[in-house]
1. Calculate the FRET efficiency for A:ARG313 and B:LEU167 from the Cβ-Cβ distance with a Förster distance of 56 Å, rounded to the nearest 0.05.
2. Nearest 10 degrees is fine. How inclined is helix A:319-331 to the longest principal axis of chain A, computing both from alpha carbons?
3. Which of rounded, prolate or oblate describes segment B:133-264 when judged by the alpha-carbon gyration tensor and an a/c cut-off of 1.5?
4. What angle do you read, to the nearest 10 degrees and between 0 and 90, between the alpha-carbon axis of helix A:295-304 and the longest principal axis of chain A?
5. By counting other Cβ atoms within 10 Å of each Cβ, how are A:LEU307, B:LEU241, A:LEU179 ranked from fewest to most?
6. Compute the separation of the alpha-carbon centres of segment A:56-127 and segment A:214-237 and state it in Å as a whole number.
7. On a straight-distance basis, which lysines could pair with B:LYS86 in a cross-link, Cα separation under 19 angstrom, same-chain partners fewer than 8 positions away excluded?
8. If you build a Gaussian network model of chain B, linking Cα atoms that sit under 10 Å apart, which residue out of B:ARG195, B:ARG238, B:ARG22 swings the most?
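Rule-based calculations on the coordinates, nothing more; no lab input. If you're wondering where the values come from, they're calculated on a predicted model, not measured in any experiment. Note: ideal-geometry Cβ built from the backbone for every residue, glycine included; neighbour counts use all protein chains shown.
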Amino acid sequence: MMPTPALSIRELHKTFHLGLFAPIPWARGLRLGALNRVVEAVRGVSFEVGPGEIFGLLGANGAGKSTTIKSAMGLICPSAGEVELNGLSAHEPAARVGVAYLPENPVFYDELSPLETLELFGALCGVPARDRRREAREQLGRVGMSHAESRPLRLLSKGMHQRVGIAQALLNQPKLLILDEPLSGLDPVGRRAMRELLLEERERGASVLLSSHILPDMEALCDRFGMIHQGQLKRLAEMSSLAREVEEFELSLAPPEGALSSAQLSELEALGAQLKPRQPTREGLVELSLPISARAQALELVVRHELPLRDLRERRLSLDDLFERIAREERS
Amino acid sequence: MSTPTLSAIWAIGEATYRSATRSKLNIAVALFGLAMFVLLKLMSDASLNQDARLLQDMGLFLSSTLCLVAMIGLSAHSLYRELERKSVFSIVSKPIPRSALIWGKALGLAMSAGLLTLMCALTWSVVAWRQGLEPSVTMYQAWYMIWCESLIVMGLGLLFGSFSTPLVSAALTFGLTLIGRFNQDLVELYERALRKGELTGALELAQSGLYVVPDLSLFNLSHAVIYGSPLPAEYLIRGSLLSFGYTGLCLLIAGLIFKRRDLI
């Protein structure tokens, strides 16, 4: 029997009705411009997070990551589709037993101290009263906040708020951690500590769903990833395949005729080559980018056609470049 | 309600109470104390053999006004602040029903109102003691009724706050509190206008408010205190039941509305 996924999202859609008439259901269909706007934040997203897996949700700002995560936590009611936590509907409070959530830029009560905050969250996630203080101190220690446990939160930095947020998520040994941009606001030391902490949690058997728009963090942590772009899931794959997608190399060639022949070009395009804009360059060079996996064949082709090679360099794509490529692929 | 839910409500209430007492309420209490002492100075200058009556009347008026203003402000702003700052996400994502947040907030605000009323009573007692005035039991019963009234106001504030902005919520709460306070006068005015055929739109609107808000003049015991009228126990029980029942109803509706909200 297949184990129940820690989180299962099927055909999730979320449409927001914004504007003056948004609260009136029958008036939502009226065309009233800015007074009645419709935003499709998530369109048909489906994925699962298995037991003991770290799943990364990648996407640029506004791609629909947070809406997906909030639907998973029952904070937003989906327009269509199903979201289940440990086999139960996400809207049931019982489904959230053993599920921890860290919102993006977490905010707590300014007048409380980190210790009081964690005691509050301990009570909310069912830690027995006699164990709350000990458990709160233990988790504050794990995120390096013991020294500031009694200071009011309003006096703490953004990074310290983030640490308190992480500590509250770790209370009561959750089986599933859902973390929205958990590494944002942390300094490099904090980021490394956080990465180690998440790997420790996986070792313990917890599943993790985390969202980010920072590729190296995701590569260091995730087993699988889903890439979300304009509300749609564009990729769902093993993390190792992402490395192949984001690494490419660039060739600068100086063809004797000033341009590549159509035969040469089609051979290179068959390997996945993309001509860079404004070809040839002022120096009469033709610049191409190719997937890293096609390097050997591309070089063999350059030698075979005796094309003068001026430069060859490796490059890592940014998330924006990757989304641009996805959009280009979709258009073609 | 299950034990974990009750425990969550208590924890949210405690956090709300701590937050309120460490910020706004302190300022309110300090202002009240200052107002009382300024009043004491003015009173000794202006009054002529009416010190006791004025002190009682003004003490209750100030306490009641302070509690109402604090409760309208805190309750109308309370939920919105959570939503605006997004602190609500971490709380309602725990395995608790969303309504636990409303009930917890109400508990914390009720405790804050209790502390505020107590502080008012203590400050007044000190002032009265300096004036050589002996406080009566009715005076302390009056403060209890002020607390009961502030619970109703809090319930209304949380109810309106569950679906509107603080300004709208505060305006609606304030409006209904006024209607409740002038309940008897409005009924008389309405009946007189009805007899004379001079009903205005504003009066009809105020009249419709009478159906949704209880008669808050029940909670004003200044006449009983000043004239030393004995206060039967049934009166206090009736007031308590009305206050707890009405507040509970408001919170129940607020919980149902809040449950359906998308928390963006």
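1. About 0.45, to the nearest 0.05.
2. 60 degrees
3. Note, shape of segment B:133-264 comes out oblate.
4. 10 degrees
5. The fewest-first ordering by Cβ neighbours comes to B:LEU241, A:LEU307, A:LEU179.
6. 19 Å
7. Within reach: A:LYS65, A:LYS70, A:LYS158, B:LYS94, B:LYS105, B:LYS259.
8. With Cα springs under 10 Å in chain B, the top fluctuation among B:ARG195, B:ARG238, B:ARG22 is at B:ARG195.
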